[in-house]
1. Hey, got the dipole for segment 133-182? About the Cα centre, +1 on K and R Cβ, -1 on D and E Cβ, debye to the nearest 20?
2. Take the Cβ-Cβ distance between Gln252 and Ile219 as r, set R0 to 35 Å, and report the resulting FRET efficiency rounded to the nearest 0.05.
3. With +1 on each Lys and Arg Cβ and -1 on each Asp and Glu Cβ, and nothing else charged, work out how big the dipole of segment 70-127 is about its Cα centre, in Debye to the nearest 20.
4. Normalising by the residue count of segment 152-279, find the relative contact order in percent from Cα pairs under 8 Å and 6+ residues apart.
5. Which distance in Å, rounded to a whole number, links the C-alpha centroids of segment 45-100 and segment 160-229?
6. At 1.4 Å probe radius, can you tell me the per residue accessible area of segment 139-236 in Å²?
7. Show me 132-141, 64-73 ranked by packing, highest mean number of other Cβ atoms within 10 Å first.
8. Of all the accessible heavy-atom surface of segment 94-181, with the other protein chains kept in place and a 1.4 Å probe, what percent is carbon and sulfur?
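The values are calculated or read from the model by the stated rules, or taken from the named source; none is laboratory data. Everything quoted here is computed from the prediction, not taken from an experiment. We place every Cβ from the backbone using ideal geometry, glycine too, and count neighbours over all the protein chains shown. Each accessible area value is taken on the protein alone, full model and side chains, heavy atoms only, with ligands, DNA and RNA left out. Shrake-Rupley method; radii C 1.70, N 1.55, O 1.52, S 1.80 Å.
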Amino acid sequence: MKSFPANRSRDIERQAGYLRPEHCVPPPPRGPSADDMWFIRDGCGIVCGVITWMLVFYAEFVVVFVMLLPAKNVLYSIFNGAVFNALAFLALASHFKAMCTDPGAVPKGNATKEFIESLQLRPGQVVYKCPKCCSIKPDRAHHCSVCKRCIKKMDHHCPWVNNCVGETNQKYFVLFTMYIALISLHALIMVAFHFVFCFEKDWAKCGNFSPPTTVILLIFLCFEGLLFLIFTSVMFGTQVHSICNDETGIEQLKKEEKRWVKKSKWMNLKVVFGHPFSIAWLNPFATPDHGKANLYQYVV
């Protein structure tokens, strides 16, 4: 097999003899703030996160005040209002969990002499060392320049959730894309029904706003819904495909050699969403219980 220069330099980095622990300072002591909420202070990510919530609130405003409240059919309004609000709440909850959950960060600055000696490495055993955050990182971990940490099974850094998508928060990111796609589709269907109804009726009696204002609000909602439906549907499909194949986006991009055991697609899904299968897979408040899934996934 042909060897590339990038692969050779990475092999050198993995050699324990090249770790140079004397260049690493001990990590700071873990104090009471160690368990504080995970949050990345990145200006671009914070702006993107705020925009995401504002767009959901805009859709909420148009759906409720422009389409549902003026509707004459009370059952139609109650049913669609309940469904849309439930999906919107789950979408925002998933976004919050994806943003404020540690994605699987490797302890920073642990590549010290004491820590390396505690690993009791066998002769010839190779390990990763990140020169940027000075940490010993496990297999399939990559360094994120935005989070400034090595992330276990890092898929990518997403500015829309202001966080990396990694080993411990991928479930929440997948749920976020799924629920956003669902509310976008639901909003587009309601807009279509509203336009059909209003074309048959007098536009002046079709809402609480003037006809031009109503049309403009609906057009903006159509544009937003169509854009996010396409984007999140593609992202959702890509994430599910990556999970089933047990290969992160970075690993696919770099075409890294697969050093891990490949198992069934169903077991790969359980590793991310929890074992065994349950309705908790769809719940952004339920922390995945991997249970026996990891025993089937990795070689000990």
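1. Dipole of segment 133-182, to the nearest 20 debye: 140 debye.
2. The computed FRET efficiency comes out at 0.40.
3. In total the dipole reaches around 180 debye.
4. Once divided by the residue count of segment 152-279, the mean separation gives 31 percent.
5. With segment 45-100 and segment 160-229 each reduced to a Cα centre, they are spaced 8 Å.
6. Per-residue accessible area for segment 139-236 comes out at 45 Å².
7. Sorting 132-141, 64-73 by mean packing, highest first, produces 132-141, 64-73.
8. 56 percent
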